[in-house]
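Q: Handing you a structure now.
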Amino acid sequence: MQDLALTAVVVLAIAIFGGPATYLLARPRPRGRSLFWLQRVLVVTLGVASLLMGFTLIIAHVSLLIRALGAFGAVSAVAGIYRLFRGRILRSRRY
């Protein structure tokens, strides 16, 4: 029973705090090339995990507050991933 509670806490923590963390970590630009790629990989991994956990909470049969927190985490994860790749996305759309 404790394992189930621990799993629920981990899912909620990733879904709720992972999105804003993704958004905040997407801002700084590291100077080294290896640090640049490490930051991108870690931020994208955290963002995708938060997006998936948030989507899981949105479609689950739970209270409205938990669904709203999952939606907040998912939306902020998408915003963080967009923020990370914003320059690359906007440059590719120019003709």
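Q: Explain nothing, just compute: Karplus ³J(HN,Hα) = 6.51 cos²θ - 1.76 cosθ + 1.60, θ = phi - 60°, for every residue of segment 57-68 in order, whole Hz, x for Gly and Pro.
A: 5, 5, 8, 6, 8, 10, 5, 5, 5, 5, 5, 5
Q: For ALA26, list long-range residues whose amide hydrogen, built 1.01 Å from N in the peptide plane, is under 5 Å from its own amide hydrogen.
A: Placed amide hydrogens put nothing under 5 Å from ALA26.
Q: Going by alpha carbons, how many degrees (0 to 90, nearest 10) lie between the helix axis of 2-25 and the longest principal axis of the chain?
A: So the helix axis and the longest Cα principal axis differ by about 30 degrees.
Q: Would you work out what percent of the accessible area of segment 1-40, with all protein chains in place, is carbon or sulfur (probe 1.4 Å)?
A: 71 percent
Q: Roughly how many Å² is the accessible area per residue of the chain, as a whole number, for a 1.4 Å probe?
A: Spelled out: the 1.4 Å probe surface of the chain, per residue, equals 73 Å².
Q: At 222 nm, what value in deg cm²/dmol follows for the chain if DSSP H runs of at least 4 each add -39500 (n - 2.57) and the sum is divided by all its residues, to the nearest 500?
A: -28500 deg cm²/dmol
Q: In 5 Å bins starting at 0, how do the alpha-carbon pair distances of the chain split up by percent?
A: Taking every Cα pair in the chain, the percentages come to 3, 15, 20, 19, 15, 11, 8, 5, 2, 1, 0, 0.
Q: Tell me the label-point distance for the pair ILE66, PHE36, using the 7 Å Cα-to-Cβ offset, in nm and rounded to one decimal.
A: 4.3 nm
Q: Taking Cα pairs under 8 Å and at least six residues apart, what relative contact order does the chain come out at, in percent?
A: In percent, rounded to a whole number, it is 38.
The values are calculated or read from the model by the stated rules, or taken from the named source; none is laboratory data. This one's a predicted model, so the numbers in the text were calculated from it and none came from an experiment. Cβ coordinates were reconstructed from backbone atoms using ideal geometry, including for glycine residues, and neighbour counts include every protein chain displayed. Note: accessible area is taken over every heavy atom of the protein model, side chains too, but ligands, DNA and RNA are not part of it. Shrake-Rupley method; radii C 1.70, N 1.55, O 1.52, S 1.80 Å.
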